[in-house]
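What follows is a set of notes on a single structure, which appears directly below.
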Amino acid sequence: MKIGVLALQGAFREHAALLRRCGAEPSEIRLPEELAGVDGLVVPGGESTTMWKLIVLYGFEKPLLDLAGMDIPFFGTCAGAILLAGRHNDSETEALGIIDISVSRNAYGRQIDSRETNITLSFSPQEPFNALFIRAPVIDETGPDVTVLARYRGKPVLVRQDTVLAATFHPELTEDERIHRYFLGMCTAAAISRTRAVPAPCPSFSHSVIP
Ligand code: GLN
């Protein structure tokens, strides 16, 4: 699996290192043409306003929407989740609108601007996941097609809609590989269904003479 990691700003190196540990081939993406051939894309945490300015400056907006339209899985963490959201409360930053969630930036309040806490992953509930929140956004609303995979204080913190995964915390800053492996599973499933959607030519059939 070749997994792109948007490398404009933020924690892209940490995502790439964790993906490599999980057996994937990470590829740091700095220009839109480098998106060609990726099986998935990580949009890392960092600062969403800055990242949005760089997305516009480098002409990434349409290529990212095109990639999502091709059912290539996306994984947004923290600022990345803000950029993938349908709606948010920052007038300076647009949202790509590829997952039906509403988020509020920095909305947990000062006391948990940054904190570590245990959460339960619905797809791997046996062991708690140590989630690291760094000036995290709050997911205020989720649309009907969004599945909540983990909550903290009653609010969704890990959500999925079809091929899009979004976390308000930073799984790339811990040793726990479960969420990245879950995302790689999404990428494998999407790659298989893309191959099925385009029927491979059948040599024996195409060479046969049909009377
Ligand atoms: N507070 C940042 C923002 O609103 C997100 C922080 C992060 O990605 N850790 O963009």
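Number of residues in region 143-162 that are within 14 Å of the chain's Cα centre (by Cα), among the charged types (D, E, K, R) and more than 16 Å from residue 125 (Cβ to Cβ): the value is 1. Apart from one condition, residue 63 fits all of (1) under 19 Å from residue 98 (Cα atoms); (2) away from the ligand (no atom under 16 Å from the Cβ); (3) open to solvent by less than 30 Å² (accessible area, probe 1.4 Å); the exception is (3). Within the option set 97, 80, being in a loop (DSSP other than H, G, I, E, B) and either under 21 Å from residue 163 (Cβ atoms) or open to solvent by less than 10 Å² (accessible area, probe 1.4 Å) (or both) holds for one residue only, 97. Just a yes or no: is a residue in region 38-58 open to solvent by less than 10 Å² (accessible area, probe 1.4 Å), part of a strand (DSSP E or B) and either within 16 Å of the ligand (Cβ to nearest atom) or more than 16 Å from residue 4 (Cβ to Cβ) (or both)? Within region 38-58, one or more residues are open to solvent by less than 10 Å² (accessible area, probe 1.4 Å), part of a strand (DSSP E or B) and either within 16 Å of the ligand (Cβ to nearest atom) or more than 16 Å from residue 4 (Cβ to Cβ) (or both). Does at least one position in region 10-20 carry a residue that is in contact with a helix residue (DSSP H, G or I) (Cβ under 7 Å, 6 or more places away or on another chain), part of a strand (DSSP E or B) and surrounded by 21 or more Cβ atoms within 10 Å (Cβ to Cβ)? Among the residues of region 10-20, not one is in contact with a helix residue (DSSP H, G or I) (Cβ under 7 Å, 6 or more places away or on another chain), part of a strand (DSSP E or B) and surrounded by 21 or more Cβ atoms within 10 Å (Cβ to Cβ), which makes the answer no. Once region 69-89 is narrowed to residues that are more than 13 Å from the ligand (Cβ to nearest atom) and touching a residue at least 60 places away in the same chain (Cβ under 8 Å), the residue that is nearest to residue 180 (Cα to Cα) is 75. Pairs are defined by a Cβ separation below 6 Å, a sequence spacing of at least 6 or placement on different chains, a first member in region 43-68 that is charged (D, E, K, R) and at pLDDT below 95, and a second member that is within 16 Å of the ligand (Cβ to nearest atom) and not in a helix (DSSP H, G or I); no pair meets this definition.
Of everything in region 90-103, what is within 10 Å of the ligand (Cβ to nearest atom) and either of a type in the set (Phe, Trp, Tyr) or modelled with pLDDT of 95 or more (or both)? Give them in sequence order. Walk me through it before giving the result.
Residues of region 90-103 that are within 10 Å of the ligand (Cβ to nearest atom), as a first pass: 90, 93, 103.
The answer is 103, and nothing else.
The values are calculated or read from the model by the stated rules, or taken from the named source; none is laboratory data. All of these numbers come straight from a predicted model, not from anything done at the bench. All Cβ positions, even for glycine, are placed from backbone atoms using ideal geometry, and neighbour counts span all protein chains on display. The protein model used for the area step is the full one, side chains on, heavy atoms only, and it has no ligands, DNA or RNA in it. Shrake-Rupley method; radii C 1.70, N 1.55, O 1.52, S 1.80 Å.
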